[in-house]
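Single-structure report; data block below.
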């Protein structure tokens, strides 16, 4: 069944309800002649007469009545499904699945988790953490948070956090023996624990992601 069949079946129900091509056409915002043509197309496709027509009235045939009995519940379900989507646009609900690296989970998601759930209490947030690259679309995730190099070429990127604030820390006994660094290059002359992290990004199937500048984090060893 193509889109035209569904439209014609819906129009058939309206004609049957109104018992008039003119009244049904007004309700559907089409011309009576166009509506009559659509009904003839539907009958020709199905190979059965659905409506009896006179110059003054329209009535439903026995075959048309049997079709109506099955169409009304089906069209009602379609209408309810579309109404649910309309409600979801104004009031988010349902499950939101996110895949994130460990650092992104702690730095991006954890700070806003409680506020998000209190703002959207009908959203069930499901978070999975991991370091392995994952095809978030194939795995059924709605979004992913991680480094930019994890984002596929067809993903759109948006920034979700600014440059990381990095602090140099060390034991007082260490700085008693060594001068304190004043610029990042000074760290090269210190005994440090080094930690490198690639650009931070957000990516999703719909499709969000972004970039944060590369940083080198160093902590002073005692």
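Neighbour counts of other Cβ atoms within 10 Å put 190, 37 in the fewest-to-most order 37, 190. Normalised by 2.2 N^0.38 Å, where N is the number of residues, the C-alpha radius of gyration of the range 68-146 stands at 1.51. Note on the range 1-82: the alpha carbon radius of gyration divided by the globular reference 2.2 N^0.38 Å gives 1.03. So, R0 is 35 Å and r is the distance between the beta-carbons of residue 44 and residue 153; what FRET efficiency does that work out to, to 0.05? Plugging the Cβ-Cβ distance into 1/(1 + (r/R0)^6) gives 0.15. Here the spin labels are modelled as points 7 Å beyond Cα on the Cα-Cβ line, and at residue 29 and residue 59 they lie 3.4 nm apart. Counted by neighbouring Cβ atoms within 10 Å, the residues 183, 78, 109, 98 run from fewest to most as 183, 78, 109, 98. Computing FRET efficiency as 1/(1 + (r/R0)^6) for residue 193 and residue 132, where r is the C-beta to C-beta distance and R0 is 35 Å, gives about 0.90. Rounded, prolate or oblate: which one fits the range 1-155, using the alpha carbon gyration tensor with axes a ≥ b ≥ c (rounded when a/c is under 1.5, else prolate when a/b beats b/c, else oblate)? Prolate shape, in that a/c is at least 1.5 and a/b is the bigger ratio.
FYI, it's all coordinate maths here, none of it is from the lab. Note that the structure is a prediction, hence the values are computed from the model and not measured. Positions of Cβ are backbone-derived with ideal geometry, glycine not excepted, and every protein chain shown enters the neighbour counts.
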